[in-house]
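In what follows, a single structure is set out as structure tokens and then discussed.
Readers should treat all values here as calculations from the given coordinates under stated rules, not as data from a laboratory. What you see is a predicted model; the values in this text were computed from it and never measured. Note: ideal-geometry Cβ built from the backbone for every residue, glycine included; neighbour counts use all protein chains shown.
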Amino acid sequence: MKILAFGASSSRQSINKALAGYTANLVDGADVTLLDLNDFEMPLFSEDIEKASGVPAQAHAFVDAIAQADAIVASFAEHNGSYSAAYKNIFDWASRVEKAVYQNKPVVVLSTSPGPGGASSVLAQTVNSMPYFKGNVVGSLSVPNFYDVMKDGNIVDESVKQSLAALVAKL
């Protein structure tokens, strides 16, 4: 199974990218591709830019990466209660390439933060909106207090570890 994983954050040290990668690698024998949103930098979405220059190649590359996958594991950073600007811009451009951005792929949707909220606001937004863009959400989980839960690249909280394993079993 080919799994595409990404953290919806532009942080080079993204805890959401770490969580997505860890979770995707729980699938035995999976071929995991871990994307870095920094590889998809584009101008701020604008119809004027689209008319003048077309859709950037990076938007096509993002949509193509989804097309190559059998399933997706995405973990969302929360910036002021919503998506990170980096993810939202990539998504806006990608939707110009393919309105069904997630192409009917099964998706595990995660979120995490250093604090007790676990980015639950953006998780709820994502779970509610993803079906409109043909994301087949098979499950979701908010992981609060990331630095207490993950240490040295491993989940140390048994409850979270079991929850993540149960989610990827649905892929």
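Figure legend. Inter-residue proximity from segment 1-12: first residues over 16 Å from His79 (Cβ atoms), second residues of a type in the set (Ser, Thr, Tyr) and not in a strand (DSSP E or B), beta-carbon distance below 8 Å, spacing 6+ or different chains. Indicated pairs: Ala5/Thr23.
Summed over segment 137-169, residues that are of a type in the set (D, E, K, R), surrounded by 12 or more Cβ atoms within 10 Å (Cβ to Cβ) and assigned to a loop (DSSP other than H, G, I, E, B) total 1. Residues considered: Ala30, Ala57, Ala52, Ala61. Of these, the only one that is hydrophobic (A, V, I, L, M, F, W, C) and either under 16 Å from the mean Cα position of the chain (by Cα) or on the phi > 0 side of the Ramachandran plot (or both) is Ala61. Of note, Thr126 satisfies the criterion of being polar (S, T, N, Q), under 18 Å from Leu167 (Cβ atoms) and out of contact with any Leu (no Cβ under 6 Å at 6 or more places or on another chain). A residue that is surrounded by fewer than 18 Cβ atoms within 10 Å (Cβ to Cβ) and touching a Lys or Arg at 6+ places or on another chain (Cβ under 7 Å) cannot be found anywhere in segment 87-98. Among the residues making up segment 87-109, a single one is farther than 19 Å from Gly54 by Cα, aliphatic (A, V, I, L, M) and touching a residue at least 40 places away in the same chain (Cβ under 8 Å): Val108.
Annotation for segment 22-34: no member residue is closer than 22 Å to Asn104 by Cα and touching a Ser or Thr at 6+ places or on another chain (Cβ under 7 Å).
How many of the residues in segment 27-72 are in a loop (DSSP other than H, G, I, E, B) and among the hydrophobic types (A, V, I, L, M, F, W, C)? Total satisfying the criteria: 7. The residues of segment 73-121 that are of a type in the set (A, V, I, L, M, F, W, C), over 16 Å from Ile15 (Cα atoms) and in a loop (DSSP other than H, G, I, E, B), listed by number, are Ala100, Val101.
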